[in-house]
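Accompanying notes for the structure given below.
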2 protein chains.
Amino acid sequence: MPPPPSDRRPARIQIERPEPALDCGRYAVKRSVGDTLEVSADIFRDGHEVLRAVVRHRGPEASGWTESTMARVDASVGGDRWTGSFEVTACGRWSYSIAAWHDPFASWCDELARKLRAGQRDLAGELSEGAVLLEQAQTGARDDDRELIEQALTFLRSLPPVAAETTAPATAPGSRRSRGRRALKARSAAGHDEAAYAAVLRPELLAAVERSSARAGLVTLPEPLPLEVDPVLARFSSWYELFPRSFGGFAGVERVLPEIARLGFDVLYLPPIHPIGVKNRKGPNNSLVAGPDDPGSPWAIGAAEGGHSAVHPDLGTLEDFDRMVARADELGVAVALDFAIQCSADHPWLSEHPEWFHRRPDGTLKYAENPPKRYQDIYNVNFDSDDWPALWQALLDVVLHWVSHGVKIFRVDNPHTKPLPFWQWLIAGVHRHHPDVIMLAEAFTRTTMMRALAKVGFNQSYTYFTWKNSRAELTEYVTELACSGMQEYYRPNFFANTPDILHAYLQHGGRPAFEARLVLAATLSPAYGIYSGFEHCENVPVHTGSEEYLDSEKYEIKQRSLDGPLLPLIASLNAIRRANPALQRLDNITFLETENDALIAYTKRSPGNAVICVVSIDPDREQQGLAVLPASLGLPPVCAVTDLLDGERYDWRIGRNYVRLGPRERMAHVLRVDAP
Amino acid sequence: MPPPPSDRRPARIQIERPEPALDCGRYAVKRSVGDTLEVSADIFRDGHEVLRAVVRHRGPEASGWTESTMARVDASVGGDRWTGSFEVTACGRWSYSIAAWHDPFASWCDELARKLRAGQRDLAGELSEGAVLLEQAQTGARDDDRELIEQALTFLRSLPPVAAETTAPATAPGSRRSRGRRALKARSAAGHDEAAYAAVLRPELLAAVERSSARAGLVTLPEPLPLEVDPVLARFSSWYELFPRSFGGFAGVERVLPEIARLGFDVLYLPPIHPIGVKNRKGPNNSLVAGPDDPGSPWAIGAAEGGHSAVHPDLGTLEDFDRMVARADELGVAVALDFAIQCSADHPWLSEHPEWFHRRPDGTLKYAENPPKRYQDIYNVNFDSDDWPALWQALLDVVLHWVSHGVKIFRVDNPHTKPLPFWQWLIAGVHRHHPDVIMLAEAFTRTTMMRALAKVGFNQSYTYFTWKNSRAELTEYVTELACSGMQEYYRPNFFANTPDILHAYLQHGGRPAFEARLVLAATLSPAYGIYSGFEHCENVPVHTGSEEYLDSEKYEIKQRSLDGPLLPLIASLNAIRRANPALQRLDNITFLETENDALIAYTKRSPGNAVICVVSIDPDREQQGLAVLPASLGLPPVCAVTDLLDGERYDWRIGRNYVRLGPRERMAHVLRVDAP
């Protein structure tokens, strides 16, 4: 025989399937400052009680919960899905929960109204129940509610408990002759006059009683759910990547900053700026032996001059760096640093903390490798080192060091080869006092790991975008990012190229290919980026079949200046992105049929703004197709649209719209619906 | 500054999205005895370590975990989804978890093999690592593994750490001249001889070292997941419902039991068998006033003769009941009782425990109602009563009372109007000592509540089947039940009619409609049922537009015998169901295109068995169509099929198969694929 149920009445209301909840609340979903979080859940119980529910939410500095009312998603059918929302106003860790209870007085009103409509005559029991509920509310009422409740109570006590047999309408206090006909209609064959009860069924009374009553059968989620709020740049940003040594160091970068700002970039990302190892230094094109003047790869971090907290003397001093960051700040450009946890053979840590590195039983030091690949110029730290707490702390200190120099964005190199618990701890440690710091995960690996990095705290993530070039690939991939649940925590950054990835499509497609990829990156994803050289359509690989650049900047210093034929298109796209809120979000995308696989079309919509993009992915030939606007988008039957790239205007309509794109005229339309 | 990480090395392996897990493990998924539970999860970590994983499971009586090996779902692509399974062998509450760890020796072998293939020459460090791993394994090895490990260690120490510059193959101990050519081929330009390492890379050694080593970096799910195992009847059963008073009470039922068994029914369900209240008794056709000879509704439970634990004197004695149950047991038929928590005005509890009922402030007792509907002959208990623990216990005692009289199945009336925590508690209480008891939820209400009842423990559930009559409705509904996740916990019972539900389709379609619905119920759902009268095609409603029967057996005694024109088809279907395992499951269904909305076709497959059903849902006209077998089913291009209803044989093929069905010849094919 089971033990008798516990003494406390079990709660009868169920709250199920709360959303958004990432892995059952194990990880936080993400929003950016100013976003609205919509929370929903199935809320129900046995019987016919009227339920109430709120979203409870608490910001990082708040001392208690704030509540927002929830309502049924589809009240008309009595559905059990409820929704409510709140705006997030500050960076940091929020939490939210759901509370639900039932409202005995509202339930009583609902039942009474149904009985009146059904013509039930004997209401003695019902009226006695109502009186008790009002008496209880009276006790807890605020001054401004008490009078209303007392009036209703007095009135209720005055009502006849059993309707007379006559068909003449009962007279309600204050009823006027002119209401007589309506009252008669509302009255059933031999029941009560429904209008007579208006005084106890009015919404004002319902609200007053609700305010005055304890929450009956209150239930909350067993645990609040976590929500990470970060700066808008985490969601919406345009990135430009350059090697400062190719622009004349920090001072040179400072000189091009106004142009970078004018082009509309929000973030300037710099590969590692630290001293570079000499031992095993790589030469041009990743050759194993460097010449005496070869600068080495910036990712081979550490030399006699210092490690992760130092700057390479050829770039300038730390003061030069600070001045560059300050200038960028003035111009509204954030400087992003690379955070690559690896050490050259000359990194000070190798001698200061030999226990932080992999040493084999025979005493040899293990360099980075993934057979058959070998990275002879770098050593990975050993996260399983016996001294791991000090190692972890040192790595956190590196990030905090650069935060103290004004850096708020870090592009983290190969995070998937380091332990996830380390990232979870490090990012929480950074955010503890600097919740506005953005961490971008540069991982190209299996989906589970890429997702897990975002779950443990990375604010933004590299993606497979460079390898998604057909219409089917792009549609499937963006749908996964935007609609599979990933949109709750994984913020894609669509880099169109990187120092490591020059895709075959760009190698063979020439300028039209660069234009197509640029428009796709900038309009599909709210965060996107290019690495310098893109604007020059640089497209020569180190050898056929490779995605590495010939004479890669990773191993050589270039003489770069900020020019190139694509800059006007880039500036235009960045301006369009800033002017159109629809392009600043990911989950608002709808792909459109084009009846031609070489044309990809999609629309993004946000309140008061709708943009339709059509891009040709064939860099060689003109392509014609029919972009189909489904009626379900809710656009007007005919809508005037403006191509934001060239100012041309068209009339588009629900249904098929003829499109012709090609390398001679234009590779893309970016159409704003003028009156969405 | 955050606190330094704790002293314990954080685990690096992630186990994510374990399945099946119902509402994050809050509720148990269900299986029946003899079923296999397949468990899967994303299991991964940073780096390239070789991972191992097991499903841990524990039956209701087990003292510890048993383990089953997990493997990658798609090992060829290194996917991170792992799966493993185990068979459930006993009724009751099981639990399962996942454990994962990494295997340093396997990782070492994997890396070594890749380096050998890549022609790496200097392996001194690698060999020293391997030796340490083998030494560690040696310490923990079982006697029969130790020798193998020691041999490998000796051999490893004998290997040259750096390959010679010569191209002559290195000589491995025991290598023969005939192997020379192969060894030469496996050898890279200037590296080691891969064959020479065969002795340390052999699977037997890998297994021996794994057995001998502690599990490195072991991780488990934070909490085990629950699994409820119940009897096969919970999943697969054919039900017949009859009012015993219409068959001459318990003795009369006992006389028809052999015929019920011969028809292939597994469960005989009886509406309430208890004394019926006199006060406010309902008359024929639910009239408010009963005549002196009217028997009343069996659901108005309780009279001077007793309440829920008593039997109605007109049906026989408790001894007669016991004899009937024993006879059913001999014949392989389970007797299912109704459990309806409501009391007539004459129920002993009303005087013995007035505090268990709703009493209004004016002293009146509240009868059951859902305005405008009123059930004046019954009173609901008050689950919020101050004396609720005693009430709950009394209700549990009622169920246990009937269990002690051999009843193992309860059809629970209107469970959705009682608190979910009550059901969770009651069902757990019943299952504590009687895990083979089956509870069927008779709820027709909103989806969330119907699902929740199954989640809190009901083993089987009524469904919306009676109201799903078009091809689109049936396809959508069965797909939801079988493929949306509901199949993990919600066992549908497709009753084709009930004493409360005579659907318009049956009212208007005559015998062909009854045949179609019977075949659909019996082949779509592994559990199905009919209420007596169905076999006679009884189809007259109390009035047009009603789903109630005219002169319903709920309020009158009928003189019934077990005959009726549909019995041969019923017997045939029940025999087909028992002979074809594919029809005993729900989640193995695939709907087929028919190119005619009046024809619904589907196939169900299980190992060694495949059944194809085609049913016409047009009771009036002949319908022709083309049932399309997709190649993805994996059936042979041409397959011989036998119609199990009439023995006819056909050749069906991948692609379109002509079908003609109609009221004159046959309404359905139930085709067994002869060599699936």
**Fill in**
Among residues of chain A, the one whose beta-carbon sits nearest the axis that rotates A onto B, given with its distance in integer Å, is A:Cys24, 2
**Prompt:** Where the label is 7 Å out from Cα toward Cβ, how close does B:Ala575 come to the same position in every other copy, in nm, shortest first?
**Reply:** 8.4
**Request:** Please go through region A:113-142 and write out the trypsin sites (Lys or Arg not before Pro) that DSSP classes as loop and that have at most 14 other C-beta atoms within 10 Å.
**Result:** A:Arg142
**Asked** Do any trypsin sites (Lys or Arg not before Pro) in region B:576-633 lie in a loop, going by DSSP, with at most 11 other beta-carbon atoms within 10 Å of their beta carbon, and if so which?
**Response** B:Arg621
**Request:** Distances from A:His48 to the same position in the other copies: list them in nm, one decimal, shortest first, using label points 7 Å from Cα along Cα→Cβ.
**Result:** 6.9
**Asked** Which value, in Å², gives the accessible area per residue of the protein assembly as shown when a 1.4 Å probe is used on the protein heavy atoms?
**Response** 40 Å²
**Complete:** In terms of the charge dipole of region B:372-446, which places +1 on Lys and Arg and -1 on Asp and Glu at the beta carbon, the residue among B:Ala428, B:Trp388, B:Ile438 farthest towards the positive end is B:Ile438
**Message:** I'd like the Karplus ³J(HN,Hα) series for region B:116-125: coefficients 6.51, -1.76, 1.60, θ = phi - 60°, whole numbers in Hz, and an x wherever there's a Gly or Pro.
**Reply:** 4, 5, 7, x, 5, 8, 7, 10, 4, x
**Prompt:** So what's the gap between the Cα centers of region A:312-388 and region A:442-518, to the nearest angstrom?
**Reply:** 26 Å
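With a 1.4 Å probe on protein heavy atoms only, work out how much accessible surface B and A bury together, total over both chains, in Å² to the nearest 100.
6300 Å²
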**Item:** Cβ-defined net charge surrounding B:Glu61, 14 Å radius [Lys, Arg +1; Asp, Glu -1]
**Value:** +2
**Asked** Kirkwood hydrodynamic radius for the protein assembly as shown: how many Å is it when counted over pairs of different Cα atoms?
**Response** 37.0 Å
**Complete:** Check: C-alpha center region B:597-673 vs C-alpha center region A:617-676, spacing in Å is 48 Å
**Request:** Give A:Lys468/B:Lys115; A:Lys282/A:Lys418; A:Lys30/A:Lys373 a once-over and call out the pairs whose C-alpha atoms are over 27 Å from each other.
**Result:** A:Lys468/B:Lys115; A:Lys30/A:Lys373
**Prompt:** Got the A:Pro630 label distances to the other copies yet, label 7 Å along Cα→Cβ, in nm, shortest first?
**Reply:** 2.0
**Asked** Mind checking which aspartates and glutamates have their C-alpha under 16 Å from A:Lys366, skipping anything on the same chain fewer than 8 residues away?
**Response** A:Asp346, A:Glu355, A:Asp377, A:Asp384, B:Glu49, B:Glu111, B:Asp122, B:Glu126, B:Glu129
**Prompt:** Among A:Pro298, A:Pro371, A:Ser525, which residue has its Cα positioned farthest towards the positive end of the charge dipole of chain A, with +1 placed on the Cβ of Lys and Arg, -1 on the Cβ of Asp and Glu, and the dipole taken about the Cα centre?
**Reply:** A:Ser525
**Radius of gyration, Dmax [region B:232-577; alpha carbons; angstrom]** = 19.4, 60
**Asked** What relative contact order, as a whole-number percentage, does region A:599-673 give when Cα pairs under 8 Å and 6 or more residues apart are counted?
**Response** 39 percent
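Send over the per residue convex hull volume for chain B, Cα only, as a whole number of Å³. Could you put the intermediate results ahead of the total?
Details: hull volume 158.3 nm³, N = 676.
Expressed per residue, the convex hull around the Cα atoms of chain B is 234 Å³.
If you take each beta carbon of peptide A:39-50 and count the beta carbons of other chains within 10 angstrom, what is the mean?
Values: counts 0, 0, 0, 6, 1, 8, 5, 16, 7, 4, 0, 0.
What the average comes to for A:39-50 is 4.
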**Message:** Roughly how far apart, in whole Å, are the Cα centres of region B:525-591 and region B:48-111?
**Reply:** 44 Å
**Complete:** Here, GluC sites (Glu not before Pro) of region A:296-362 satisfying both criteria (DSSP loop; at most 11 other Cβ within 10 Å) are none
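Normalising by the residue count of chain B, find the relative contact order in percent from Cα pairs under 8 Å and 6+ residues apart. Don't skip to the answer; put the middle values down first.
Numbers: 1383 pairs, mean separation 67.7, N = 676.
Relative contact order, chain B: 10 percent.
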**Item:** With every protein chain in place, the protein assembly as shown: carbon and sulfur % of accessible area (1.4 Å)
**Value:** 50 percent
**Principal-axis tilt of helix A:567-579 within chain A, Cα atoms, nearest 10 degrees** = 20 degrees
**Virtual spin-label span in nm between A:Arg653 and B:Tyr464, 7 Å along Cα→Cβ** = 3.8 nm
**Complete:** Taking Cα atoms only, helix B:318-330 is inclined relative to the longest principal axis of chain B by an angle, in degrees rounded to 10, of 40 degrees
**Request:** Find the cysteines in chain A that fail to meet the 4.7 Å Cβ criterion with every other cysteine, and list them.
**Result:** A:Cys91, A:Cys109, A:Cys343, A:Cys483, A:Cys537, A:Cys613, A:Cys639
**Prompt:** Which listed residue (B:Leu350, B:Val542, B:Ala513) has the Cα farthest towards the positive end of the charge dipole for region B:232-577, taking +1 on Lys and Arg C-beta and -1 on Asp and Glu C-beta about the Cα centre?
**Reply:** B:Ala513
**Prompt:** Can you list, largest first and rounded to whole Å, the semi-axes you get for region B:457-552 by taking the square root of 5 times each eigenvalue of its Cα gyration tensor?
**Reply:** 24, 14, 12
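The values are calculated or read from the model by the stated rules, or taken from the named source; none is laboratory data. The model shown is predicted, which means the values in this text are computed figures rather than measured ones. As a convention, Cβ positions derive from the backbone with ideal geometry for all residues, glycine included, and neighbour counts pool all protein chains shown. Just the protein is used for accessible areas: all its heavy atoms, side chains included, with ligands, DNA and RNA removed. Shrake-Rupley method; radii C 1.70, N 1.55, O 1.52, S 1.80 Å.
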